[in-house]
Amino acid sequence: MSDIDRLINDLVIANRILANEGVVDAYGHISVRHPTDPGRYFLSRSRSPALVETGDILEFALDGTCLSDKDARPYLERFIHGAVYEARPEVQSVVHSHAYEVLPFTISSVPLRPVFHTASQMGAHVPVWDIENKFGDTNLLVVNMEQGRDLARCLAGDRVVLMRGHGFATGGNSIADVVKTAVYLPRNAQVLMDAVRLGGTVKYLSDGEIATRAAGWNVELARGWDYWATRAGCGELLRKFA
């Protein structure tokens, strides 16, 4: 089996994990950059993440052109992925989600910041991108590279960007890395919302705490990956390349 086969297998597992953990439902997606050609990436055809299989994975150029010889419908919002890869050479995997827990922070002036340790990788600054600012009235979907690049500019050097009335996009240095961020981001939003409802003052993680956590972020990443994949019923896929 090649490195690409292994990567696609992990991408399938990631789709199942994100669905099982409630980060995505019928909608949302995850991609991974090609391991030897940074101008390409892999992403499923337009299919609900819980149902994605190896045969659903397509290859794309960064501009969203499908390079696979398959008669398959791609996701409309594949331009999110290509634009982030284009702007951020270090990013190796991208998640787009409509997780309900983050939505209040996309339409409010209250910032979304990490409040507990396993959510630290979201970073201290989470910008909000509003498609209306540049493109006026739309269906709120990112359907071309101009919109994707505007989103990527808002993300800039941050880890996560919220999308007004829509959801979020996040990038990471591996599939497992971005999955972990995507799993804990909605949970952090829920904890923060609960704390705000209690009243009083909310204490966020400090910049120093976030930096300290980042230094050891990947130490036990494999443990989380094995746990989430097993919960999602992907034990057989985990063993495929063992």
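Every number in this text was worked out from the coordinates using simple rules, so none of it is lab data. Every value quoted in this text rests on a predicted model; they were computed, and no experiment measured them. All Cβ positions, glycine included, derive from the backbone under ideal geometry; neighbour counts span all protein chains shown.
Starting with the highest mean, order 153-164, 88-99 by the number of other Cβ atoms within 10 Å, averaged over the residues of each peptide.
Result, highest mean Cβ count within 10 Å first: 88-99, 153-164.
So for each of 171-182, 36-47 I average, over its residues, the number of other beta carbons within 10 Å; can you give me the resulting order with the highest mean first?
171-182, 36-47
In whole Å, how far is the Cα centre of the stretch 1-71 from that of the stretch 169-218?
Answer, in whole Å: 25.
Give the long-range amide H neighbours of Ser46: residues separated by 5 or more places, or on another chain, with amide H under 5 Å away, using H modelled in the peptide plane at 1.01 Å from N.
Arg73, Tyr75
For Thr54 and Ser206, what is the calculated FRET efficiency with R₀ set at 35 Å and r taken between the beta-carbons, to the nearest 0.05?
0.20
Under 15 Å between alpha carbons, and skipping anything fewer than 8 positions from Lys240 in its own chain: which aspartates and glutamates qualify?
Result set, ordered by chain and number: Asp3, Asp5, Asp10, Glu53, Asp226.
What does the charge count around Gly22 come to, taking other residues whose C-beta lies under 14 Å from its C-beta (Lys +1, Arg +1, Asp -1, Glu -1)?
For residues surrounding Gly22, the net value is 0.
Report, in deg cm²/dmol and to the nearest 500, the calculated mean residue ellipticity at 222 nm for the chain, where each DSSP H run with n ≥ 4 adds -39500 (n - 2.57) and the sum is divided by the residue count. Before the final figure, lay out each step's value.
Details: 9 runs with 96 residues, N = 242.
Rounded to the nearest 500, it is -12000 deg cm²/dmol.
I need to check one value: relative contact order of the chain, counting alpha carbon pairs closer than 8 Å and at least 6 residues apart, in percent.
On the way: 442 pairs, mean separation 54.3, N = 242.
Once divided by the residue count of the chain, the mean separation gives 22 percent.
Of all alpha-carbon pairs in the chain, indicate the percentage at a distance above 28 angstrom. The partial results should precede the final answer.
Numbers: 8098 of 29161 pairs.
Of all Cα-Cα distances in the chain, 28 percent exceed 28 Å.
Test of understanding: what is the full-extension gain from Ala242 to Asp3, defined as 0.36 nm times their sequence separation minus their Cα-Cα distance?
Working it through step by step, the gained length comes to 84.7 nm.
For the stretch 143-156, in order, what is each residue's ³J(HN,Hα) by Karplus, 6.51 cos²θ - 1.76 cosθ + 1.60 with θ = phi - 60°, in whole Hz (x at glycine and Pro)?
10, 7, 6, 4, 5, x, 5, 5, 4, 5, 5, 5, 4, 6
Could I have the simple spin-label model distance between Asp137 and Tyr100, label points 7 Å from Cα toward Cβ, reported in nm to one decimal?
About 2.8 nm separates the two model spin labels.
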